[in-house]
Amino acid sequence: MAFVIVSPCIDEKAADCVETCPVDCIHEGEDQYYIDPDTCIDCGACEAVCPVSAIFQEDFVPDDEKSFIQKNADFFK
């Protein structure tokens, strides 16, 4: 998975990332948006436009947000 959406997105769902994604890999869940790890092309467009800084490259997800890596992956199972 190239990028992960973490807790600041919960209940925020501004959707700037969805509009920016060139491959439509960001999908709306019940409480936040999720990035499809099989579709993401690691372009970083979503990270740059997120108004709540909720998007990180997987390798740079803060330690206290690591559970969101699995949460994002599970959403697409």
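How many residues does the stretch 48-62 hold that are in a strand (DSSP E or B) and farther than 16 Å from GLU19 by Cβ?
Counting residues in the stretch 48-62 that are in a strand (DSSP E or B) and farther than 16 Å from GLU19 by Cβ gives 2.
In the stretch 11-26, which residues are open to solvent by less than 60 Å² (accessible area, probe 1.4 Å), in a loop (DSSP other than H, G, I, E, B) and farther than 14 Å from GLY44 by Cβ?
LYS13, ALA14, ALA15
Could you list, in sequence order, the residues of the stretch 27-37 that are within 16 Å of ALA73 (Cβ to Cβ) and assigned to a strand (DSSP E or B)?
Those that are within 16 Å of ALA73 (Cβ to Cβ) and assigned to a strand (DSSP E or B): HIS27, TYR33, TYR34, ILE35.
For (1) open to solvent by less than 20 Å² (accessible area, probe 1.4 Å); (2) not in a loop (DSSP other than H, G, I, E, B), each residue gets a yes or a no:
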residue	(1), (2)
ILE41	no, no
CYS46	yes, yes
ASP64	no, yes
LYS71	no, yes
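Does PRO37 qualify as being farther than 16 Å from CYS9 by Cα and either in contact with a strand residue (DSSP E or B) (Cβ under 6 Å, 6 or more places away or on another chain) or surrounded by fewer than 18 Cβ atoms within 10 Å (Cβ to Cβ) (or both)?
When the stated conditions are applied, PRO37 passes them.
For the stretch 9-20, give me the residue count where each residue is touching a strand residue (DSSP E or B) at 6+ places or on another chain (Cβ under 8 Å) and under 19 Å from ILE69 (Cβ atoms).
2
The values are calculated or read from the model by the stated rules, or taken from the named source; none is laboratory data. Not measured: the values here are computed from a predicted model. We place every Cβ from the backbone using ideal geometry, glycine too, and count neighbours over all the protein chains shown. Please note that ligands, DNA and RNA were not included when accessible areas were found on the heavy atoms of the full protein model with its side chains. Shrake-Rupley method; radii C 1.70, N 1.55, O 1.52, S 1.80 Å.
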